[in-house]
Each structure stands twice: as C-alpha cells, then as structure tokens.
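*Asks:* First the structure, which I've put down as structure tokens, then a few questions once you've had a look.
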Amino acid sequence: MRTLEQIEKELAEAREALNQVQGTTTEVYTRIVGYYRSVRNWNKGKRQEYAERKMFRIVAEDLDNQYAHGTSKIYTSETNISQNPLQTLPFHDQSKLLLFVRSACPACPPAKDAAQKLGIPVDFVDADTAEGLSAAARHNVLSTPTAILLDPSGKELARARDAKSILAFAKQGSSQLDKAV
C-alpha cells in the first residue's frame, strides 16, 4: 500500500512531466480560392489574409439563455394571427412545430424567426445537448435546422430544413402536407 507522501510525490512528478510536454506541429487546412489547402503552403499575402480572419458564431439573442442553461423551452407565438402576415393557417390550430437548432448553425436564427411567424407553438430543441441529441436521434434528424410539423396527436405531417421551407408550411394545404409524409 502506498503512503500519502508517495502519492503526493507521484503527483508532483506527473505535474512536472505535464509542464514539459511538447507537441508536434499541426497541419492546418482551410479553404482558399474555392478549395482546401495547407496553410503552410500559402504565399505571404494569403497567410496575412488568414491571420486577419475573424471567427464568429451566429446565435439568436433569445436562444442564449436556452444554451446557457442547457434546456429546451417551448415558445408559443404571442402574435395575434390578424397581425401576422400569414393570415390563415392550412393546418389545425393545435398543430405544433419541433425545431432542432444548434448554437453554431448560421441557418438556425432565420429558421427560428420563420417558425415563430406560423403562429403555432414551437418547441426549440437544442441539438448541442445530450437531451437534444437524443431527441434528434428519435426523430431521425440529421442536420440543423430541421423543423417537424406535428398534428395534435403528435403525428408528423411534414419536415423542413430551412426558413423558406418552414414558411411554406403556411402556404400548403393540410391535404398536401398529409401526402408529403
């Protein structure tokens, strides 16, 4: 059996070894002029352009709290249907929309806006969380954004993968939606 002093000595040796760890050079590939290429092979001008690039994420402001808490929320559109540009909905007023989103998805904020214009309850599912990933697997969702229109009994009526297709839900008749699935 080891003593506490031996364990502390081993931990100190391990910390010292970690401080002296040296990695290997990483080969970085990125897109330039339409194709991917190793950054070390770029000319001086292209390397400077790469150094000046800024990385950013597009995250809808009201999804920030959802991602921070790691929970899914149900948002019901508060807009009055008469004020909504989509005057009449071809599907049942008890229909619901599941919208699978991710924080790094640039197409998710427009999809979220389109979903809220439908005037039906929208359940935003964060596919970055374990719970959201599990829900995505159950519904066979492979990419974000993916919107699934559900009837009152929970039966899938239709799917959409972008804001334009989500808005098309309001333009299609319910009989067309039934045929789509």
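*Asks:* Condition first: out of contact with any Gly (no Cβ under 7 Å at 6 or more places or on another chain) and among the polar types (S, T, N, Q). Now tell me which residues in the stretch 124-139 satisfy that. Working first, answer last.
*Replies:* Initial filter on the stretch 124-139 (out of contact with any Gly (no Cβ under 7 Å at 6 or more places or on another chain)): 124, 127-128, 130-139.
Across the stretch 124-139, the qualifying residue is only SER134.
*Asks:* Hey, among the residues in the stretch 77-93 that are surrounded by fewer than 21 Cβ atoms within 10 Å (Cβ to Cβ) and within 14 Å of LEU149 (Cα to Cα), which one's modelled with the lowest pLDDT? Talk me through it step by step, then tell me what you get.
*Replies:* Step one: list which residues in the stretch 77-93 are surrounded by fewer than 21 Cβ atoms within 10 Å (Cβ to Cβ), which gives 77-90, 92-93.
Restricting the remaining residues to those that are within 14 Å of LEU149 (Cα to Cα) gives 89-90, 92-93.
Working: LEU89: 46, PRO90: 49, HIS92: 52, ASP93: 57.
Step by step, filter the stretch 77-93, then rank; the result is LEU89.
*Asks:* What about LYS96, is it modelled with pLDDT of 85 or more and in contact with a Pro (Cβ under 8 Å, 6 or more places away or on another chain)? First the steps, then the outcome.
*Replies:* Values: modelled with pLDDT of 85 or more: yes; in contact with a Pro (Cβ under 8 Å, 6 or more places away or on another chain): yes.
Against the criterion (modelled with pLDDT of 85 or more and in contact with a Pro (Cβ under 8 Å, 6 or more places away or on another chain)), LYS96 qualifies.
*Asks:* Of all residues in the stretch 133-172, which are basic (Lys, Arg), without any contact (Cβ under 8 Å) to a residue 60 or more places away in the chain and over 17 Å from CYS108 (Cβ atoms)? Break it down into steps so the answer makes sense when it comes.
*Replies:* Taking the stretch 133-172 first, the residues basic (Lys, Arg) are 138, 155, 159, 161, 164, 171.
Restricting the remaining residues to those that are without any contact (Cβ under 8 Å) to a residue 60 or more places away in the chain gives 138, 155, 159, 161, 164.
Scanning the stretch 133-172 gives ARG138, LYS155.
*Asks:* Is the stretch 124-136 home to any residue that is among the β-branched types (Val, Ile, Thr), within 13 Å of ARG161 (Cβ to Cβ) and under 13 Å from the mean Cα position of the chain (by Cα)?
*Replies:* Narrowing the stretch 124-136 to residues among the β-branched types (Val, Ile, Thr): 125, 129.
When the remaining residues are screened for being within 13 Å of ARG161 (Cβ to Cβ), the result is none.
Checked against the condition, which is being among the β-branched types (Val, Ile, Thr), within 13 Å of ARG161 (Cβ to Cβ) and under 13 Å from the mean Cα position of the chain (by Cα), the stretch 124-136 yields no hits at all.
*Asks:* Any residue in the stretch 105-132 that's assigned by TED's automatic domain parsing to the domain that holds ALA147: show its pairings with residues that are surrounded by fewer than 17 Cβ atoms within 10 Å (Cβ to Cβ) and among the basic types (Lys, Arg) at Cβ separation under 7 Å, as long as the two are six or more apart or on different chains.
*Replies:* Sorted first by the residue in the stretch 105-132, then by its partner, the pairs are PHE124/LYS73.
*Asks:* I would also like to ask the following. State whether one or more residues within the stretch 132-143 are assigned to a helix (DSSP H, G or I), more than 18 Å from LYS96 (Cβ to Cβ) and at pLDDT below 85. I'd like the intermediate steps shown before the answer.
*Replies:* Start the filter on the stretch 132-143 by keeping residues that are assigned to a helix (DSSP H, G or I), which leaves 132-138.
Add one more test, that the residue is more than 18 Å from LYS96 (Cβ to Cβ), and what stays is 133-134, 137.
Checking which are at pLDDT below 85 leaves us with none.
No.
*Asks:* Restricting attention to the stretch 112-152, report how many residues are farther than 15 Å from SER95 by Cα and basic (Lys, Arg).
*Replies:* First pass over the stretch 112-152, keeping only residues farther than 15 Å from SER95 by Cα: 112-114, 125-146.
With basic (Lys, Arg) added as a condition, the list becomes 112, 138.
Here the count works out to 2.
The values are calculated or read from the model by the stated rules, or taken from the named source; none is laboratory data. Just so we're clear, the structure is a prediction, and the values are computed from it rather than from any experiment. No Cβ is skipped: glycine too gets one built from the backbone with ideal geometry, and neighbour counts run over all protein chains shown.
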